[in-house]
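Report on one structure; see the data block that follows.
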Amino acid sequence: MQITASQIATLINGTVEGDASVVIKAAGKIESAASGEISFLANPKYLNFIYDTKASVVIVSNDLVFDKPLPCAIIRHPMPYYGFCLVLDAYFNPHQTRVGIHPSAVVDEAASIGTDVYIGANAVVEAGAVIGNKAQIYPNVFVGKQAHIGSNTILYAGVNVYSDCIVGNNCIIHAGTAIGSDGFGFAPTPDGSYAKIPQIGNVIIEDNVETGANCCIDRATMGSTILRKGVKLDNMVQIAHNAEVGENTVIAGLSGVAGSAKVGKGCVIGAQVGIVGHITIADGTQIGGQSGIPKSIKEPNQQFIGSPAMPIKEAFKSQVLQRNLPALEQRVRELEKIIKELREL
Amino acid sequence: MQITASQIATLINGTVEGDASVVIKAAGKIESAASGEISFLANPKYLNFIYDTKASVVIVSNDLVFDKPLPCAIIRHPMPYYGFCLVLDAYFNPHQTRVGIHPSAVVDEAASIGTDVYIGANAVVEAGAVIGNKAQIYPNVFVGKQAHIGSNTILYAGVNVYSDCIVGNNCIIHAGTAIGSDGFGFAPTPDGSYAKIPQIGNVIIEDNVETGANCCIDRATMGSTILRKGVKLDNMVQIAHNAEVGENTVIAGLSGVAGSAKVGKGCVIGAQVGIVGHITIADGTQIGGQSGIPKSIKEPNQQFIGSPAMPIKEAFKSQVLQRNLPALEQRVRELEKIIKELREL
Amino acid sequence: MQITASQIATLINGTVEGDASVVIKAAGKIESAASGEISFLANPKYLNFIYDTKASVVIVSNDLVFDKPLPCAIIRHPMPYYGFCLVLDAYFNPHQTRVGIHPSAVVDEAASIGTDVYIGANAVVEAGAVIGNKAQIYPNVFVGKQAHIGSNTILYAGVNVYSDCIVGNNCIIHAGTAIGSDGFGFAPTPDGSYAKIPQIGNVIIEDNVETGANCCIDRATMGSTILRKGVKLDNMVQIAHNAEVGENTVIAGLSGVAGSAKVGKGCVIGAQVGIVGHITIADGTQIGGQSGIPKSIKEPNQQFIGSPAMPIKEAFKSQVLQRNLPALEQRVRELEKIIKELREL
């Protein structure tokens, strides 16, 4: 991939200062980029890096002022990091769009396949499944009966979508993620064993959702487990049956949302967090890593941490006091000694 | 799927009251079911929902008495929820039984395949493997050499069963689960690196076990890692080498049982729990989510929570005291002030 | 597999005492081995087991002295457990080396395939990928464009290696592990949704690394996510974008290393541990299970536990004090009572 500063400026609607004909072959960080690479400068803290950068082009904000000459061309843009992301996506994205159905893919005649679709080697698409236009179905993916995969959606290698589940448009599902496995539903029987409760619902993933690798989104017992539009899940996140995750909520790796829990919009949930079943988390809630949320959070936009979780200020106060427990014990010991002396007077 | 109330009653050995000829097309919850759907009423708390339900048929207990006319037919059954599960399983289960070996499946000539087996597209069954009658091997599954898969057992898409491992009858293994990966066994060497300890044992999964998606059940160093009959694992549960999980024990998502640990029968273990290696957990133990179990639990039927875990009563007391630490510190400060005054008298 | 004590002694460069012609068919633990099996005795604590063992051959240390006659042949070796591992690996390893490309594998003409390679059924190797000599690519594995797989490296069934990622020589990657999934990188936008930051870097796994099943090693945003040589990961470990794990560090199951964190050499990290992003962990650090590491650890070879983690001695002291909180509260209550009496005098 080779491209000039001038072409890049056109792509992102920016303006070049310096050599607009310089050729760009790769992208890198401002402090480590080599000649022929493009970089960006968004945080003024890093301003000094630009005077020594080896990058050939750096994207900077419209109003940034330099008090020394620059060793590189610049492209002015109102949001330099966003402009840089556009460049990465257009020229350097390792996941270039693919088209065509590989002869080894097993696509049922009764599946409905859109235009400009990619279905990779050894992928399996069953009867009644619907694959939207330009969808990218990588090798060894399984799409079960009557499952729907939206337009422009990418299912990376080894993703398994069970029957009847729905993935929206412009979604990205990373390798090995299971969508629509049975919810964990069992009824105890008198002999101590468990009877399986059939899980006849499905999973609905709305548009613009991304999940990491090896996630598990269980189908609902009845009805749907739902990821609302714009949800972002990191790797190995579990969403249990009948749970719902609100619009634009992000959940970091190895976290779990238990059955029928309802997480609000715009929440930010750290890694290894557990949210118990049948509770509600208010919009805009922020939850620190490794927290356990045992009951509903009703007030929006609050921060929690700990297991069981507390409001973040209380939690930090409590942590300090715990760390100071030896000192507190010492103070009590001192008081006991004094009291003993006072009483012996 | 269309079926009458009368046919359903015959299936579950119940009795219809009302229109036995009404046609049922789907199933739903009593509060949200639509016309043409079947529902159930098991918890008397929900009794009032039945007077307004749109469901066409509701399964209720034999002795339930109504003091108003009903808008639906009912089917009497001694255990309404269980009866409802039977109906779901028979008519609305999205995982209908499949038969036949897909031409793209790679089944070694030296594998032994039972009757009425399903082996899906691009599944791989190696030499010496044994597949029981009516087993359901979904697409992209791998069954290694000499592995045994029992009758009626379902391996969903992308399951990987390593060589020599044994899965019993009537088991369900969800997508992406690994059975028989090497145990995590290494011996330190003088140069700081680790030498691999070959893991030559296997995994034995007894009958009626269900595991969630993307679980990892490691093979034993020597001997077997064992899931006893009726065990139920949620998604992403790790069972390490040489561990054993007792009959009818259930373990929720993202939990781990370390090497050579022995978990008893009928235990209920929450999500994100860690059980250290080489310990024993008594039968009927209940462990709360996110707990860490650092040593053996000898008395059966006790409840634990916390990391490190404590008996549940102590844990809750300790949580209250921790939350009250600021108050305790305040009381000590008050005492110090008084003592100071007393001494200055 | 049948082999004599004499042949085994030759293999491991040991010396037989007793019947060198005895035939060995399997391996087992000294306390449970059967006739025809080989075992080992490394820990003097288990010395007494040898006098009753049914094993036909036991590997023992050069200087071990017996005060009773033995029921078995022995092989003397300077490191009995290591010698035993060599025997297991040579004769009883369930993962015997495979050779040949299965006709159902889809190997792009523009991939470079070494000598004596195994590529299993329905595996997919894309254009520009490089597969080293004697590499073992199991069924249903995906190796993306320009990915490199080193010599003697094993990718078990269902492993997914994204494009441009590099796996070194003599590595073992267990089933379902994802290498090179996108890092969890998003930039908030004014409307509350998130814009994806393209992840254009890769993953570099150096030689002699082993990962468990269903792990997730994310590709870097720019540059590389790196596992240095000799790293050992258990099952379901997440290594986030741009993180680096130092030489010979071991990490137990369900742990996560967040973005851009740098873990030192020779660390031992327990299960379900979380390490936050952008911090540094000193060489030789040991971290207990379920710990959370919120900030850099600068002094090497220290031990930590807890969430947030503390040095292990402090943590245990704190645990004891927490457990004794009820007693401390009782002492304060007692003091309050006495003070009240004193003041009323």
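The values are calculated or read from the model by the stated rules, or taken from the named source; none is laboratory data. Because the structure is predicted, anything quoted here is derived from the model rather than measured. No Cβ is skipped: glycine too gets one built from the backbone with ideal geometry, and neighbour counts run over all protein chains shown. Remember, those area values only see protein heavy atoms, side chains included, never the ligands or the DNA or RNA. Shrake-Rupley method; radii C 1.70, N 1.55, O 1.52, S 1.80 Å.
For segment B:290-315, give me the residue count where each residue is in contact with a strand residue (DSSP E or B) (Cβ under 8 Å, 6 or more places away or on another chain) and not in a loop (DSSP other than H, G, I, E, B). So the answer is 12. Is at least one residue of segment C:56-77 in a strand (DSSP E or B), within 30 Å of B:Asp108 (Cβ to Cβ) and more than 14 Å from chain A (Cβ to nearest Cβ)? No: segment C:56-77 contains no residue that is in a strand (DSSP E or B), within 30 Å of B:Asp108 (Cβ to Cβ) and more than 14 Å from chain A (Cβ to nearest Cβ). Could you tell me whether segment A:170-178 includes any residue that is in contact with a helix residue (DSSP H, G or I) (Cβ under 8 Å, 6 or more places away or on another chain), surrounded by fewer than 24 Cβ atoms within 10 Å (Cβ to Cβ) and touching a residue at least 24 places away in the same chain (Cβ under 8 Å)? There is no residue in segment A:170-178 that is in contact with a helix residue (DSSP H, G or I) (Cβ under 8 Å, 6 or more places away or on another chain), surrounded by fewer than 24 Cβ atoms within 10 Å (Cβ to Cβ) and touching a residue at least 24 places away in the same chain (Cβ under 8 Å). When residues in segment C:183-197 are screened for being not in a loop (DSSP other than H, G, I, E, B) and not aromatic (Phe, Trp, Tyr), 4 of them pass. Scanning segment A:1-30 for residues that are of a type outside the set (A, V, I, L, M, F, W, C) and assigned to a loop (DSSP other than H, G, I, E, B) yields A:Gln2, A:Asn13, A:Gly14, A:Gly18, A:Asp19, A:Ser21, A:Lys25, A:Gly28, A:Lys29. For A:Ala243, indicate whether it is touching a Lys or Arg at 6+ places or on another chain (Cβ under 8 Å), open to solvent by less than 20 Å² (accessible area, probe 1.4 Å) and more than 11 Å from every other protein chain (Cβ to nearest Cβ). Considered against the rule, which asks whether it is touching a Lys or Arg at 6+ places or on another chain (Cβ under 8 Å), open to solvent by less than 20 Å² (accessible area, probe 1.4 Å) and more than 11 Å from every other protein chain (Cβ to nearest Cβ), A:Ala243 comes out as yes.
If you take the residues of segment B:257-266 that are more than 11 Å from chain A (Cβ to nearest Cβ) and without any contact (Cβ under 8 Å) to a residue 40 or more places away in the chain, which of them is surrounded by the most Cβ atoms within 10 Å (Cβ to Cβ)?
First, the residues of segment B:257-266 that are more than 11 Å from chain A (Cβ to nearest Cβ): B:257-264.
Okay, now just the ones that are also without any contact (Cβ under 8 Å) to a residue 40 or more places away in the chain, so B:257-258, B:260-264.
Working: B:Val257: 31, B:Ala258: 25, B:Ser260: 20, B:Ala261: 22, B:Lys262: 18, B:Val263: 27, B:Gly264: 20.
Only one residue tops the list, namely B:Val257.
What are the residues in segment C:204-219 that are within 14 Å of chain B (Cβ to nearest Cβ) and surrounded by 21 or more Cβ atoms within 10 Å (Cβ to Cβ), if any?
Listed by number, the residues that qualify are C:Asn208, C:Val209, C:Glu210, C:Thr211, C:Gly212, C:Ala213, C:Asn214, C:Cys215, C:Cys216.
Can you pull out every residue in segment C:105-125 that is of a type outside the set (Gly, Ala, Ser) and at the interface with another protein chain (Cβ under 8 Å from one of its Cβ atoms)? Residues satisfying the conditions are C:Val106, C:Asn122, C:Val124.
Results for (1) modelled with pLDDT of 95 or more; (2) not assigned by TED's automatic domain parsing to the domain that holds B:Gly150; (3) not β-branched (Val, Ile, Thr), shown as yes or no for each residue.
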residue	(1), (2), (3)
B:Ile30	no, yes, no
B:Ile38	yes, yes, no
B:Val58	yes, yes, no
B:Asp63	no, yes, yes
B:Ile75	yes, yes, no
B:Pro80	no, yes, yes
B:Val107	yes, no, no
B:Val117	yes, no, no
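Scanning segment A:266-278 for residues that are within 19 Å of C:Phe184 (Cβ to Cβ) and part of a loop (DSSP other than H, G, I, E, B) yields A:Gly266, A:Cys267, A:Gly270, A:Ala271, A:Gln272, A:Val273.
Do you know which of the residues in segment C:269-282 that are facing another protein chain (nearest Cβ under 10 Å) and touching a Ser or Thr at 6+ places or on another chain (Cβ under 9 Å) is most open to solvent (accessible area, probe 1.4 Å)?
Of segment C:269-282, the ones facing another protein chain (nearest Cβ under 10 Å) are C:270-277.
If we keep only those that are touching a Ser or Thr at 6+ places or on another chain (Cβ under 9 Å) as well, we get C:270-275, C:277.
On the way: C:Gly270: 17, C:Ala271: 41, C:Gln272: 21, C:Val273: 1, C:Gly274: 13, C:Ile275: 6, C:Gly277: 25 Å².
Across segment C:269-282, the extreme among qualifying residues is C:Ala271.
Total residues in segment C:126-144 satisfying the condition of being buried (at least 20 other Cβ atoms within 10 Å of the Cβ) and within 24 Å of B:Ser104 (Cβ to Cβ): the figure is 12.
State the number of residues belonging to segment A:239-256 that are part of a loop (DSSP other than H, G, I, E, B), out of contact with any Ser or Thr (no Cβ under 6 Å at 6 or more places or on another chain) and within 14 Å of A:Gln286 (Cα to Cα). Even if it seems obvious, please write down each step before you answer.
Filtering segment A:239-256 for residues part of a loop (DSSP other than H, G, I, E, B) gives A:240-243, A:246-249, A:252-255.
This time we only want the ones that are out of contact with any Ser or Thr (no Cβ under 6 Å at 6 or more places or on another chain), so: A:240, A:246-247, A:249, A:252-255.
Adding the requirement that they be within 14 Å of A:Gln286 (Cα to Cα) leaves A:246, A:249, A:252, A:255.
Total satisfying the criteria: 4.
Of everything in segment B:112-125 that is open to solvent by 20 Å² or more (accessible area, probe 1.4 Å) and in a loop (DSSP other than H, G, I, E, B), the residue that is nearest to A:Lys145 (Cα to Cα) is B:Asp116. Residue pairs whose Cβ atoms lie under 7 Å apart, sitting 6 or more positions apart in sequence or on different chains, and linking a residue in segment A:11-24 that is in the same structural domain as A:Cys72 (by TED's automatic domain parsing) to a partner that is part of a loop (DSSP other than H, G, I, E, B) and buried (at least 18 other Cβ atoms within 10 Å of the Cβ), are A:Gly18/A:Cys72; A:Val22/A:Ser56; A:Ile24/A:Ser56.
Scanning segment A:31-44 for residues that are in contact with an Asp or Glu (Cβ under 9 Å, 6 or more places away or on another chain) and assigned to a loop (DSSP other than H, G, I, E, B) yields one hit, A:Glu31. So, of the residues in segment B:287-304 that are surrounded by 15 or more Cβ atoms within 10 Å (Cβ to Cβ) and in contact (Cβ under 8 Å) with a residue 24 or more places away in the chain, which turns out to be farthest from C:Glu329 (Cα to Cα)? Of everything passing the filter in segment B:287-304, B:Gly289 is farthest from C:Glu329 (Cα to Cα). When you look at B:Met222, is it open to solvent by 10 Å² or more (accessible area, probe 1.4 Å) and part of a loop (DSSP other than H, G, I, E, B), yes or no? The answer is yes for B:Met222. Going by what's in this entry, would A:Gly201 be described as open to solvent by less than 30 Å² (accessible area, probe 1.4 Å), more than 24 Å from C:Ala195 (Cβ to Cβ) and within 7 Å of another protein chain (Cβ to nearest Cβ)? Judged against the criteria, A:Gly201 is not a match. Among the residues of segment B:166-182, those that are at the interface with another protein chain (Cβ under 9 Å from one of its Cβ atoms) and in a loop (DSSP other than H, G, I, E, B) comprise B:His174, B:Ala175, B:Gly176, B:Thr177, B:Asp182. Does segment C:31-44 contain at least one residue that is touching a residue at least 12 places away in the same chain (Cβ under 8 Å), polar (S, T, N, Q) and farther than 30 Å from B:Ala123 by Cβ? Yes; the residues of segment C:31-44 include at least one that is touching a residue at least 12 places away in the same chain (Cβ under 8 Å), polar (S, T, N, Q) and farther than 30 Å from B:Ala123 by Cβ.
Please determine, by comparing only the residues of segment C:78-103 that are hydroxyl-bearing (Ser, Thr, Tyr) and in a helix (DSSP H, G or I), which one is surrounded by the most Cβ atoms within 10 Å (Cβ to Cβ).
Checking each candidate, the answer is C:Tyr91.
Within the option set B:Leu328, B:Leu321, being within 11 Å of chain C (Cβ to nearest Cβ) and either closer than 20 Å to B:Thr211 by Cα or open to solvent by 30 Å² or more (accessible area, probe 1.4 Å) (or both) holds for one residue only, B:Leu321.
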